[in-house]
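What follows is calculated from the coordinates using simple rules that are stated; it is not laboratory data. Being a predicted model, the structure only gives us computed values, none of them experimental. Here Cβ is always computed from backbone atoms with ideal geometry, including for glycine, and neighbour counts include all displayed protein chains.
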Amino acid sequence: ATPKAHQQAGNLWSSRMAFILAAVGSAVGLGNIWKFPYITGENGGGAFVLVYLACIAIVGIPVLIAEVMIGRRGGQSPVASMRELTTSEGTSKGWRLIGWNGIIASFLVLSFYSVIGGWSLSYVGKAASGMFTGADADTIGGAFGGMLASPGDLLLWHSVFMAIVVLIVGRGIRSGMEKAINTLMPLLFLLLFIMVGYATTTGKFGEAVSFMFSPDFSKLTTEGVLTALGHAAFTLSIGIGVMMAYGSYLPQKVNVARTAMTIAFMDTGVALLAGLAIFPLVFANGLEPGAGPGLIFVTLPLAFGQMGGGVVFGTLFFALLLVAALTSAISMLEPVVEWLEEHKGVSRAKSAFFGGLAIWLVGIGTVLSFNDWAEFHPLAFIPFFEGKTVFDLLDFLVSNLMMPLGGLAIALFAGWAMKREGLDQEIGLQGAVYRAFMFVLRFLTPAGIAVVFLYNLL
Ligand code: PFF
Ligand code: NA
């Protein structure tokens with residue numbers, strides 16, 4: 001393939017808006033609504049949120065800009081783009097690891113993301129059945145616990161979720177997806193606002209705001225800081241080539257920097273709204289903020305069960321969460337499929353099927369982590385990994401290691417290895433703003449990531 005192959009083939013997003021929608025579709029997902037609240041709860045609140053926001057600003061946004069920029073300049077799949085750019089920019093072949101890291105990480109991340117996506121799927125039906133109406137915390141917690149305890153149930157939902165993803169990706173990603181995101185994303189925002197509105201009536205809104213925004217650094221561990229950094233990468237879908245793949249379809253006239261900022265603001269907005277919707281419910285119902293991955297599946301149904309129109313709102317909410325999860329999952333399967341197509345010469349439909357099948361198989365490890373393998377801690381002999389299940393390990397490996405380290409490599413490649421000419425043509429910033437951005441990308445972003453890693457190693 002040639003540089004900018006996607007551009008030359010005229011195979012591009014229909015507009016800046018179309019790209020933003022797809023990229024926001026990738027970014028906004030379970031990370032914002034499921035993961036952000038529960039890891040904020042586990043890590044003590046305010047100080048964690050502050051570090052997370054700092055990581056978005058210092059690492060997330062610069063790497064997102066760099067990654068989309070590299071994608072557009074390379075104009076092909078991540079592996080091919082990195083091969084192309086290391087040649088045309090005359091740099092070391094070692095940078096190609098960025099592409100490989102991306103393929104492996106997006107494979108692994110989808111294996112567990114799909115299991116949680118399955119939970120959302122199952123909750124659409126639970127909400128619609130009216131089983132939450134008037135139910136108390138014990139009943140609702142029991143229903144969630146019952147689902148987790150059943151490998152068969154989890155496997156079923158994981159399978160259905162993966163099947164949907166494979167079908168969509170197998171048919172080519174852009175047909176229909178733009179339209180779906182275009183209408184459903186505003187609806188998701190609206191519903192989150194309604195939930196935040198409801199949360200203000202619980203009498204615990206103030207307590208939740210101070211939990212989320214008044215930092216108490218004694219509650220934050222060094223591993224918590226690594227989790228915040230990893231989450232900044234996870235939530236923006238950066239560091240593993242997904243945004244690079246999407247950027248390769250971006251028309252030349254679109255301003256990369258401004259577009260990336262829009263994506264980051266929307267993503268951060270959704271996460272903070274989710275927190276503001278959930279923590280008041282946690283406190284009002286005497287629940288534990290650090291309860292773990294079940295947090296939203298226990299708190300939100302309680303609210304839906306108490307509020308007027310709760311069946312409709314609840315069903316709609318989990319349906320939208322499912323759509324948000326699907327548009328993210330699609331973006332994870334895309335690099336794997338592109339790689340199989342380009343390097344193995346397999347058709348798109350077959351690539352999606354076999355790629356999806358392999359990911360589904362690995363996902364069974366995560367399914368079992370919540371029941372039969374709940375006490376199975378494969379790397380317990382390494383002090384840092386004591387008590388981590390297969391799911392915990394996969395999440396840690398991808399979110400806290402592969403994504404931030406991929407981000408580091410992307411920042412270093414864009415900041416230090418690429419020629420000035422390429423950056424000028426792609427980034428879309430001028431004068432002092434450009435120089436400020438380059439300073440952040442070359443020094444602050446790598447230093448930020450390095451410091452977090454060094455602290456955790458020592
Ligand atoms: N950003 C997605 C979320 O917040 O749910 C998760 C994600 C998507 C991670 C795509 C990685 C990825 F490649
Ligand atoms: Na996100």
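Things to note:
- Peptides 141-147, 71-77 ranked from most to least packed, by the mean per-residue count of other Cβ atoms within 10 Å: 71-77, 141-147.
- Chain lengthening between T221 and T133 when straightened (0.36 nm per residue, less Cα-Cα): 27.8 nm
- Cross-link pairs exceeding 25 Å between alpha carbons, from the set K35/K93; K35/K253; K35/K219; K179/K344; K93/K419: K35/K93; K35/K253; K179/K344.
- The C-alpha atoms of the range 248-403 occupy a region whose extents along the principal axes are 55, 49, 30 Å, arranged from largest to smallest.
- Ellipsoid fit via the Cα gyration tensor, the chain: semi-axes of 34, 24, 22 Å, each the root of five times an eigenvalue, largest first.
- Descending Cα extents along the principal axes, the range 199-290, whole Å: 51, 33, 18
- When Rg and the Kirkwood radius Rh are both evaluated on Cα atoms of the range 1-149, their ratio Rg/Rh stands at 1.09.
- Using a Förster distance of 25 Å, the FRET efficiency for S92-L454 (Cβ separation, nearest 0.05): 0.60
- Sorted fewest first by neighbouring Cβ atoms within 10 angstrom, T91, T40 come out as T91, T40.
- The sum of -39500 (n - 2.57) across all DSSP H runs of n ≥ 4, divided by the residue count of the chain, sets its helix-only mean residue ellipticity at 222 nm to -22500 deg cm²/dmol.
- The calculated FRET efficiency for M307 paired with F376, based on their beta-carbon distance and R0 = 25 Å, is about 0.05.
- Only aspartates and glutamates eight or more places from K350 in sequence, or on another chain, were considered; those with a Cα closer than 19 Å are E334, E338, E341, E342.
- A viscosity of 0.692 mPa s and a temperature of 37 °C, combined with the Kirkwood radius over C-alpha pairs in the Stokes-Einstein formula, give the range 126-198 a diffusion coefficient of 211 µm²/s.
- Each residue of the range 338-352 is assigned a 3J(HN,Hα), and the resulting list reads 4, 5, 4, 5, 6, 9, 10, x, 8, 5, 4, 4, 5, 4, 4 Hz, derived from the Karplus form 6.51 cos²θ - 1.76 cosθ + 1.60 (θ = phi - 60°), x at Gly and Pro.
- Dipole axis of the chain (+1 Lys, Arg; -1 Asp, Glu on Cβ), positive-most option in M131, I330, V256: V256
- Gain on full extension, evaluated as 0.36 nm per residue between N255 and N11 minus their Cα-Cα distance, stands at 86.0 nm.
- Footprinting exposure proxy for F396, F376 (fewest neighbouring C-beta atoms within 10 Å first): F376, F396
- Extent of the range 7-94 along its three principal axes (Cα atoms, max minus min coordinate, largest first): 48, 34, 18 Å.
- L190/D424 FRET efficiency (R0 41 Å; Cβ-Cβ; nearest 0.05): 0.55
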